[in-house]
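Trainee: Attaching a single structure in C-alpha cells format; questions to follow.
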Amino acid sequence: MRSGNRQAPFADPLGDEAETWVDRWLGRLTPRQKLAQRLVVLPGQMADGRPDADVRAALAAGLGVLHGLVGTSVSGAGRYHAEVDDLCAGLGVPPVLVAANLESGIGYTLGGGGTDFPYPRGVGFSGSAEVARRVAEAAAREARLVGFHWTFSPCVDVLTNPDDPILGVRAFGVDAARTGQLGAAQVRGYQEGGLLATAKHFPGHGDSAQDTHSGSAVLARTRRDHDRLHLPPFHDAVAAGVASVMVAHVALPALGVDGPASLSSQVNRTWLREEMGYDGLVVTDSLRMGAIAARWSTPAAAVAALAAGADVANVKCPAGEVPALLDALEEALSAGVLDSAELDRSVARLLRARTWLGLHRGHGIDLGRCRELDAGGEWEDPELARTVSARVDPVAGPLVVVGDSDLAARVAARLGVAHVAVRPEEPGALVRPGTTVVAVTCPLPVDGGRDPEAFAAAVRSARAAGQDVVAVVNSTCAAEDLRVGAPSVSVPAVDAFGIVSRAALAAVAEVLR
C-alpha cells in the first residue's frame, strides 16, 4: 500500500532558484562535508552563550544539523542561532539546520520561555484535528522566530500497552484512526507554520514494555497488529506531506527485524521507501540511547544507521566528537560500506529541505520578538478546557490544595489558594473543614495514572468523613477510568522527564473555576 507522494518540502518542481542553489552546493561540498551534513550533534556554548570552538570547527567541517539548546533563554537561543547562521555564511558552508523536540513549544527544549502548549495527550483528549493543527502552527511560528527549523514531532505511536514506560503524555493516546487524524493535522500545522515536521517513532513504539533510552526493546508484534494498528498513522502522516520520519530502536523479530529498526535496511529502504513510497528525510532516534549505546560505539552506530538507509544519523553527541565520526564515515565510504550515490541523494534531500524553509535566502530570526518571549506566555484558546479529561463541576466555595508534588504546588499557585504540602495519602490529610479539598497526586503518566490505590482510599475516607474532595491526577487515561471515588480531573501535566506543562495547569484551573 502506497500513501501517495505529496511531501510538500520535497515536491517537484522546487523552482529554478532553489534547484540552482541545491545543485551548486552538491557540486561544491567535498565527500567529507557531505558526510557531515548527515549528522545531528549537540550545540556547545562558551561562558557568554556564544558557539564554542568545537561547534565552530564542526560547522567548518560541513555539519548538517544542530540539536536544540537546553537551559537558556529564548533570546539567548535566538542570538546563538543567528551567530551560527552568520558563521556558516562566513565559512562557505550551507546554513546548518536547527532541530529540537518541540512537542509543547520552544520552552520544552529550552527549559522555559515561549508559549506553553498542551502536551500531545491533551490534544488527544480534545479529539479535535483543528485544535491539533492550531497548536502545531502556533508552536511552529514561534520556533521559526527563534531560529528553529525542524521539530522532532508529532509522535504518532499508537499506545496499545497501558504500561508503556516512556511515551505517556507525548502520545495522543487515542486509537489508530484518530492518532492518524491528529498526527496529520499537526504535520500540516507545523509545516504551515514553517517548520519541518517529523512523524515518530517508526514503525511504532506504543506496544513496547521497554524504554529504549535505557535498553533494548523487543516487540512481540504480529503482522496483523503491525498493519492494522501501528502503521496507519504513519501512512496518514506521509499522505499529509510530512518532511521527515524518525525511526525507533525497537526490534520486531516476528516481522524479520531482529535488531534495532533504526539500523535496519528492511525498515528504512523496504518499509519506508518502497512500500510506503516515502521520499522525505529519514532520521534515527538518538543513537546515544541505551538501546544503541550499550552495543555500538557512536561512530559504529552512525556508520550502521547510514548504511541501513537513514539520511541522518542523530548521534546527538558533543560537537568535539565530529572529527572522529567523520573519520569513521570516510573510511566506510572508501570501503564501499556507504554508497556515494546514496550520499548525494541524502544531502540533496537536506538541501531541498533548506530551500523549502527559505534558508537559501537568509535567516529570519527576530531578536526583538525573542526577548518578548523570554517570560513565557499562555495558550489562549477557546478549547483549552478540552485538553484535560474532567468529571467535575466548577467549585464555587473556598479551595485548599493538598499534595506533596511540584504539580500540587503549581496547581495551588495557579488557583491562588492555600497549599498543604503533605502526601494526600497521610491519615487525615484530606480532611479540611469548611473547604473543598483539591487532592493532587502525580504518578508518572507513563502508567496511565490508573488505580492509585492508596490515593483513592484516602479520597474515599475523606469523603466518608463529610469532606468535599476533588481529585486531580497526573494521568493519560480518561477521568472515568481513574476510579478514585470522587469528582476528578485527569490531566496530562508532567512527562516522564518531569517537565510540567503550564497549559495543563491553566486547563485544570478553567474546569475547577
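Trainee: Which of rounded, prolate, oblate describes region 1-148, given a ≥ b ≥ c as roots of the alpha-carbon gyration tensor eigenvalues and a/c under 1.5 marking rounded, otherwise prolate only if a/b is larger than b/c?
Mentor: Taking the square roots of the gyration eigenvalues as a ≥ b ≥ c, region 1-148 is oblate.
Trainee: Assuming 0.36 nm per residue, please report the length gained on full extension of the stretch Arg460 to Leu91 beyond their Cα-Cα distance.
Mentor: 126.2 nm
Trainee: Still on this structure, please answer the following. Across region 388-512, how large is the tail of the calculated P(r) beyond 24 Å, expressed as a percent of all Cα pairs?
Mentor: Percentage above 24 Å: 14.
Trainee: Which value, in debye to the nearest 20, describes the size of the charge dipole of the chain about its Cα centre when Lys and Arg Cβ atoms bear +1, Asp and Glu Cβ atoms bear -1, and nothing else is charged?
Mentor: Charge dipole of the chain: 240 debye, to the nearest 20.
Trainee: While we're here: Dipole size in debye (nearest 20) for region 275-339 around its Cα centre, Lys and Arg Cβ +1, Asp and Glu Cβ -1?
Mentor: I would put it at about 340 debye.
Trainee: If one computes the Cα centroid of region 68-91 and of region 123-140, what distance in Å separates the two points?
Mentor: Using only Cα atoms, the two centres lie 28 Å from each other.
Trainee: Moving on to the next point. At what distance in angstrom do the alpha carbon centres of region 268-336 and region 470-489 lie from each other?
Mentor: Computed from Cα coordinates, the inter-centre distance equals 43 Å.
Quick note: the coordinates plus some simple rules give every number you see, no bench work behind them. Predicted model, so just to flag it, every value in this text is computed and none were measured. FYI the Cβ positions are ideal-geometry reconstructions off the backbone, even for glycines, and counts take in every protein chain you see.
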